[in-house]
Amino acid sequence: MMNEPISSIMSRELITLGPKDTLDKADAILRNKRIHHLPVVENGTLVGLITTYDLFKIEFAKSEYTSVIIENVMPTKLATLEPNDKVGTAAEIFLAHLFHAIPIVEGRKLVGIITTHDVMKYCFKKEYSGLPWTS
């Protein structure tokens, strides 16, 4: 069931930040777009990731966000997968490391992202494909 490539369920239309952007921009995007993970790219290359959890745990007051540069606080050691890796591989990584998102790259070029929600939705649709709300 989980042997399909990640490319079949990953999100391709991504909102990203640059490493020189500030935390206030990240915070605004995360809140306004109601997302939890923002890849950080430079010239199409993945260089980091900032999440709502990162904003929760950093030690800056919200009033300081306008002067804090993303590259100074973003995690850069990231698990990544490639589009042809299997959905089951992503699920294993999510379970083993308690991640909720994995950037999908070709080389270092960001081409998508997969989240735990994507995997749950995939499994649900496989199991209950005949129901009207799964199409």
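Remarks
- Search result, residues across segment 56-86 that are surrounded by 14 or more Cβ atoms within 10 Å (Cβ to Cβ), of a type in the set (A, V, I, L, M, F, W, C) and in contact (Cβ under 8 Å) with a residue 40 or more places away in the chain: 68, 70, 73, 74, 81
- Index of the failed condition, residue 4 passing every other in (1) of a type in the set (D, E, K, R); (2) in contact (Cβ under 8 Å) with a residue 60 or more places away in the chain; (3) within 16 Å of residue 117 (Cβ to Cβ): (3)
- Condition met for residue 23 (out of contact with any Phe, Trp or Tyr (no Cβ under 9 Å at 6 or more places or on another chain) and at pLDDT 95 or above): no
- Filter pass, residue 113 being in contact (Cβ under 8 Å) with a residue 12 or more places away in the chain, surrounded by 12 or more Cβ atoms within 10 Å (Cβ to Cβ) and under 21 Å from residue 2 (Cα atoms): yes
- Scanning segment 26-41 for residues that are touching a residue at least 12 places away in the same chain (Cβ under 8 Å) and farther than 19 Å from residue 79 by Cβ yields a total of 5.
The values are calculated or read from the model by the stated rules, or taken from the named source; none is laboratory data. Quantities reported herein were computed from a predicted structural model and do not represent experimental measurements. When we count neighbours, we look across all protein chains shown, and the Cβ atoms used for this are built from the backbone with ideal geometry, even at glycine.
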